[in-house]
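Working notes for the structure below.
The values are calculated or read from the model by the stated rules, or taken from the named source; none is laboratory data. Small disclaimer: the values here were computed from a predicted structure and weren't measured. Neighbour counts run over all protein chains shown; Cβ positions are idealised from the backbone, glycine included. Keep in mind that these areas ignore ligands, DNA and RNA; they rest on the heavy atoms of the full protein, side chains included. Shrake-Rupley method; radii C 1.70, N 1.55, O 1.52, S 1.80 Å.
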Amino acid sequence: MTRNFSRRWWLGTAALVLVIFAAVTWGCEREPSGDNVAPGDSLTLAPSAPEPMPPPPIPPRPEPAPVPKPPEDPPPPEDPPPPEEPPPDPDPSAYMSTNQRLNEGLRTSEVDLRDVDGMFWLVFSKLPSEVTVYPSENYYYWIMYLDGAQIWGNIRLAAGHREIGDLSFAYFEFDEFALAQGGGITRAHIYNAADGVVVTKLDHFTYDVTYQRKTVTFNLLQLPQDPPRLFALGPDEVFVERTFDESGYQFFLLFNEARNYFMWVLNEEDGVPDKLTPIDDTGDLYHGVRSGFVFWEDARYDNRKVLLSIRQLSVQRNDYFDGPFDQLADNYVDEIDIRSFMIKASPGLAGKIDKYGYFTDNPSPMRVALSTYFTHYYDAQAVQYMEAARAAPDPYQYIARRGAPLTPPAAAP
């Protein structure tokens, strides 16, 4: 009996639980509406089902790479800037010769050195339209390298000859190691209108020369003939003239009227175209590095430099350093009267020379040479020569006579 009661109790309890469960389940799943929910009612709702997640965003489509444009034609290049001007020549007067031209000239063999007319045209054709003649005897010097030889020459408008239309042309084969003058090719000719060479005077210092339809203007040097300004003259000395040597040196020619001799003194007023260096312990002898000239500096007369000696080799080679004897101031001959001084120094010349000093009794042009200085091979020889001059009663006279003793006057019969 007890077992039946228990069964009935368990069945009733289970049925009640099912009813409650069903009621709860139904209330939670109903959607409330306004029809069956009165105001003020409270109702506990079951949580609603979660809304579905939105789909993930679609990533943006990458933009396509830009299509490259076809290359455009490049712009035309800009004009390059004008080239910069080079700096000016620092010294337009500086002279430069090149070994290239020397070698090219030595290999020239189309010129006949014995043809003086052909050589004249070769030289004249190479001259610029205007030239300046510096040496005071009016030589326009030139050097040419051709056919394995070094040729030295000159064109000269000599005073007293240019006025009548004459022009001299001369050249010789230069010997660098000559033992004496002579040898090799030497040619000379006087040209004038008969040869087709026309000399036209423009003024006393300017001449036109025309040949083969080419004209060259020759400007002769104007060299004012005023006395020295940097040193005083001795009591018996007179100024004769200024000269311009082919070496580039300028000189004063002085004359001692008491003893009748010439002397050459360096003109330093416009500078010296050389380097002068002392050559002895006394400090008053100077040697020209370029020229080989040796000067005695005389402190008694404002340190003027007297030409003592020249190189004997220059005399043998007949180069530009053979001394100033051959460059007298011919353009001023009428105001200088060089002939009167020559005759005072050597009375035997009276009646035998013209106003320039050329001998009038000789068919070939020969001139009195005012070589009043010594010649040396070595500087030591010039030093010894000066020692002898210092011991002489008149050093200037000793230098001028090249050490030769004075000739005593002839005894009366």
- request: Within region 331-351, identify whether any single residue is free of Cβ contacts under 8 Å to residues at least 24 places away in the same chain and touching an Asp or Glu at 6+ places or on another chain (Cβ under 8 Å), and answer yes or no.
  value: yes
- line: Matching residues in region 185-205 (open to solvent by 60 Å² or more (accessible area, probe 1.4 Å) and assigned to a loop (DSSP other than H, G, I, E, B)) number 1
field: Pair list, Cβ under 6 Å, 6 or more apart: region 219-245 residue within 20 Å of E257 (Cα to Cα), other residue open to solvent by 50 Å² or more (accessible area, probe 1.4 Å) and aliphatic (A, V, I, L, M)
entry: D236/A258
Single residue of region 273-318 satisfying the filter (in a loop (DSSP other than H, G, I, E, B), closer than 29 Å to N154 by Cβ and modelled with pLDDT of 95 or more) that is most open to solvent (accessible area, probe 1.4 Å): K275
message: Tell me whether region 85-92 contains one or more residues that are open to solvent by less than 60 Å² (accessible area, probe 1.4 Å) and out of contact with any helix residue (DSSP H, G or I) (no Cβ under 6 Å at 6 or more places or on another chain).
response: no
- prompt: Just to be sure, is A178 more than 27 Å from K355 (Cα to Cα), open to solvent by less than 20 Å² (accessible area, probe 1.4 Å) and in contact (Cβ under 8 Å) with a residue 40 or more places away in the chain?
  reply: yes
query: What is the number of the single condition among (1) open to solvent by 10 Å² or more (accessible area, probe 1.4 Å); (2) within 33 Å of the chain's Cα centre (by Cα); (3) closer than 25 Å to Y320 by Cα that R213 does not meet?
result: (3)
- line: A careful count of residues in region 346-366 that are in contact with a Phe, Trp or Tyr (Cβ under 9 Å, 6 or more places away or on another chain) and either at pLDDT below 95 or open to solvent by 80 Å² or more (accessible area, probe 1.4 Å) (or both) gives 3
task: For region 98-116, enumerate the residues that are outside any helix (DSSP H, G or I) and open to solvent by 80 Å² or more (accessible area, probe 1.4 Å).
output: R107, S109, E110, D112, R114
task: Would you be able to say whether some residue in region 228-241 is surrounded by 13 or more Cβ atoms within 10 Å (Cβ to Cβ), touching a Ser or Thr at 6+ places or on another chain (Cβ under 8 Å), assigned to a strand (DSSP E or B) and among the aliphatic types (A, V, I, L, M)?
output: no
